[in-house]
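What follows is a short report on a single structure.
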Amino acid sequence: MIQALAFLTVLAVVVYFSFSKYRQIWLAIQLGQSENISGAAASRWKNMLLFALGQRKMFAKPVSGIFHAFIYLAFIFTQIETIEILVDGVSGNHRFFANKIGFLYPLLINTIEWLSILALIATIIFLWRRNVSKVRRFQSAELKGWPFKDANMILLGEIVLIVSIMMMNGAYQYLQIQQPDIYPDGGRFYLSSQFTLPLFESSLQDIAVFSERFFWWLHVLVIFGFIVYLPYSKHLHIFLAFPNSYFADTNERGRMKNIPEIQNEVRGMFGLEAVATEESKGYFGASDIHQMGWRNILQAFSCTECGRCTAVCPANLTGKKLSPRKIMMDIRDRSEELVKKSAFQKAENGEIEITDGKSLFDRISKEEIYACTSCNACVEACPVLINPLQPILELRRYDILMNSGGPPEWLPVFNSLETNQCVWAMTDSRTQWSQNS
């Protein structure tokens with residue numbers, strides 16, 4: 001009874017503290033422009049199954065992909081055990097499913113133990129890669145400070161989680177033999193019986209009882225800690241990768257959207273009939289979160305900060321300042337800043353006004369957005385179908401069309417396009433040079 005009350009109290013605290021942060025993220029995503037997401041349901045489900053559940057792109061780098069799969073599978077199977085822990089916590093029982101699902105119970109626990117050991121090996125290797133071998137894509141400027149600590153904290157938390165599983169199972173197996181009336185028989189757990197059960201055979205029974213409860217609570221508190229901590233961490237992608245891959249653009253990757261007003265202006269130049277468009281927003285591109293689509297913000301919160309996008313970016317590889325990963329991190333941080341400081345007002349017509357006098361250009365420099373070659377490599381590399389190119393193009397469009405910005409070297413190109421419909425300063429009309437080419 002006391003344990004059940006303690007468990008429910010801790011659970012209530014976890015729900016209270018985590019709810020407010022998850023709500024902030026939901027509000028941040030709602031700051032984006034509405035987008036029409038309809039049709040292509042089959043493609044969307046396929047994307048979610050292949051890229052979020054199946055982790056398809058992770059295996060583009062086989063070594064890290066396999067180790068990531070160990071952690072991912074251990075996480076998936078451990079959630080089944082978590083259900084039992086929740087039931088035991090509320091009811092005050094031990095191993096609710098033992099003796100109820102037959103051979104499936106020891107099969108499940110043994111699977112979790114094997115995956116946990118593989119995940120432990122993968123976790124140690126990942127810690128080594130970040131802290132000792134210093135893989136280049138984990139050493140970029142945007143990963144200094146909190147993002148670097150965040151990755152290490154999660155990896156260390158995983159080690160605590162795995163150790164607590166093995167110790168809890170070892171103590172439990174010893175007690176189910178000594179006190180079968182209290183601890184139901186869950187079968188033989190092969191790994192913990194080899195490595196942690198012997199630790200309790202030569203000790204007093206009270207120590208085994210204490211250890212079983214201690215590591216059970218340690219396991220529970222680490223899980224609850226993850227729930228509270230996840231919305232502050234890049235590991236929120238564990239959940240958001242699923243909606244993000246479902247709502248990802250189903251058009252060809254890298255395809256650029258026309259600006260309807262500009263498109264009609266060009267059509268007018270050629271004597272073509274204008275196409276029907278929605279009412280103009282009064283601006284082109286995006287200078288801040290409220291002028292981007294909500295999918296861009298969802299993608300920012302889904303970013304794993306793995307750096308695969310930056311690692312293949314030709315601009316970054318040639319030493320330029322652009323990092324697609326940083327662009328997505330800046331969008332996420334700016335969204336959180338707006339919600340946390342309530343730095344926006346929502347009109348009756350739904351339009352949002354930013355009130356802190358800042359914009360994304362305070363975080364993302366023009367040097368970054370103009371360094372992008374629009375090659376689409378970052379989009380291809382992302383394991384969860386994030387599109388860093390789209391917000392870069394929106395920022396670039398705003399700066400050029402609303403601020404008359406852009407690198408001075410680009411002005412001759414703009415002038416040639418406007419006068420000759422060609423990027424080269426040709427004196428012939430478009431019709432003439434296109435026919436002569």
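The values are calculated or read from the model by the stated rules, or taken from the named source; none is laboratory data. Because the structure is predicted, anything quoted here is derived from the model rather than measured. Here Cβ is always computed from backbone atoms with ideal geometry, including for glycine, and neighbour counts include all displayed protein chains. For accessibility, only protein heavy atoms count, side chains too; no ligands or nucleic acids. Shrake-Rupley method; radii C 1.70, N 1.55, O 1.52, S 1.80 Å.
Brief remarks on what is shown
- Per atom type, the chain shows carbon and sulfur on 62% of its accessible surface, probed at 1.4 Å.
- Correct choice for semi-axes √(5λ) of the Cα gyration tensor in Å that was computed from the model, options (1) 42, 27, 18; (2) 37, 25, 21; (3) 53, 23, 19: (3)
- Exposure of Leu115 as accessible area (Å², to 10), given a probe of 1.4 Å and all protein chains: 20
- Under 5 Å between amide hydrogens, built in the peptide plane, is the criterion, and for Phe344 it picks out Thr355 among residues at least 5 positions away or on other chains.
- Restricting segment 82-111 to chymotrypsin sites (Phe, Trp or Tyr not before Pro) that sit in a DSSP loop and have at most 12 other Cβ atoms within 10 Å of their own Cβ leaves Phe103.
- Residue pairs exceeding 29 angstrom between C-alpha atoms, taken from Lys134/Lys326; Lys320/Lys340; Lys61/Lys149; Lys149/Lys346; Lys281/Lys366; Lys257/Lys320: Lys320/Lys340; Lys149/Lys346.
- Net lengthening on full extension, Ala141/Ala6 (0.36 nm per residue, minus Cα-Cα): 44.3 nm
- GluC sites (Glu not before Pro), loop per DSSP, at most 15 other Cβ atoms within 10 Å - longest free stretch of the chain: 36-251
- Based on protein heavy atoms only, the chain ends up with 52 Å² per residue of surface accessible to a 1.4 Å probe.
- Those chymotrypsin sites (Phe, Trp or Tyr not before Pro) in segment 353-437 that DSSP places in a loop and that have at most 12 other beta carbons within 10 Å: Trp424
- Segment 318-418: trypsin sites (Lys or Arg not before Pro) in DSSP loop, at most 11 other beta carbons within 10 Å: Lys341
- Once all protein chains are placed together, Asp181 keeps about 130 Å² accessible to a 1.4 angstrom probe.
- Cut-off 14 Å between beta-carbons: net charge of the residues surrounding Ala276, Lys and Arg +1, Asp and Glu -1: -3
- Summing +1 for each Lys or Arg and -1 for each Asp or Glu among the other residues whose beta-carbon sits under 11 angstrom from that of Lys366 gives -1.
- Partnerless cysteines in the chain, where a partner means another cysteine C-beta under 4.7 angstrom, comprise Cys303, Cys306, Cys313, Cys372, Cys375, Cys382, Cys422.
- For Thr250, net neighbour charge (Lys/Arg +1, Asp/Glu -1) across residues whose Cβ lies under 12 Å away: +3
- Summarising the overall dimensions of segment 216-300 from its C-alpha atoms, the Rg and Dmax are 21.2, 75 angstrom.
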